Each structure stands twice: as structure tokens, then as C-alpha cells.
Amino acid sequence: MTVSLYMDHHVPKAITTGLRLRGVDVLTAYEDGAEQIDDAQLLERAHELKRLLFTQDDDLLEEAAKCQRVNKPFSGVVYAHQLRVTIGVCVQDLEIIAKSADLKEVENQVIYLPL
């Protein structure tokens, strides 16, 4: 079981680099050419790619909540507050999720870090 991650454009590069060094499949919004799209489109893009979206953007939480209210499917969101969770904890917890979860287990869910 593994989950591929999709990184919002607000995520520090150090988190992406740390995850890649640990063998986690990560795609960033920048690499995907999606750094300019709005939060709703970013959530849809992650779902199209079958990737769990990681963000530190509060507005994306609201978009996920809207999807949950109207039963619109999405691949899942992992959220960490920028000032309350260190880069190291993000890398550690995202690695655990990526290497132990299945996409079906996280679909339509919002997971908060730290675990």
C-alpha cells in the first residue's frame, strides 16, 4: 500500500525534497504546471491524478469541506499549519501516510498534522 502525494504550491521545497529522499512519490503543483490555478481546481487536479493533496493553505481546507458537504469526491487532503508543525514533522508524518495508507482509505478525508 502506498499513496502518491501532490504538493500545493505553498509547500516549502524542503518538505518535497525530504520526502523524495525517503522514497516517497511526490509531484508538485509547479512541476505539473498548476501553480496558478485556484484551490478548487487544485483539489480536482489532485483527484484526476489520484494523488493525496498536501497543503498548508487554510483556504484549501474550506474547499475540501465544500466537497464533503455536497458529496463531491476528492483524493483527500493532508493539512499542516505553517507555524505549528515543523518541516521535519511534516516529512516524517507524510512519509508514514504515503507508505502505509491506500488511496481508498484517505479519499474524501482531511487529515491534520501532526498525526
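Throughout, read-outs are computed from the coordinates displayed, never taken from laboratory work. On a predicted model such as this, the values are computed, not experimentally measured, just so you know. Here the Cβ is made from the backbone with ideal geometry for all residues, glycine too, and neighbour counts use every protein chain on show.
Of note:
- On full extension, the segment bounded by His9 and Arg84 gains 25.1 nm, given 0.36 nm per residue less the C-alpha separation.
- Mean sequence separation of contacting Cα pairs (under 8 Å, at least six apart), scaled by the length of the chain, corresponds to a relative contact order of 34 percent.
- Relative compactness, the chain, computed as alpha-carbon Rg over 2.2 N^0.38 Å: 0.94
- Helices in the chain, meaning DSSP H runs of at least 4 residues, each add -39500 (n - 2.57). Divided by all residues, the mean residue ellipticity at 222 nm is -12500 deg cm²/dmol.
- Close amide H pairs (under 5 Å, H built 1.01 Å from N) link Thr28 with Met7, residues at least 5 positions away or on another chain.
- Modelled this way, with points 7 Å down the Cα-to-C-beta line, the labels at Glu48 and Glu62 are 2.4 nm from one another.
- Estimated FRET transfer efficiency (Gln41, Arg20; beta-carbon r; R0 30 Å; 0.05): 0.75
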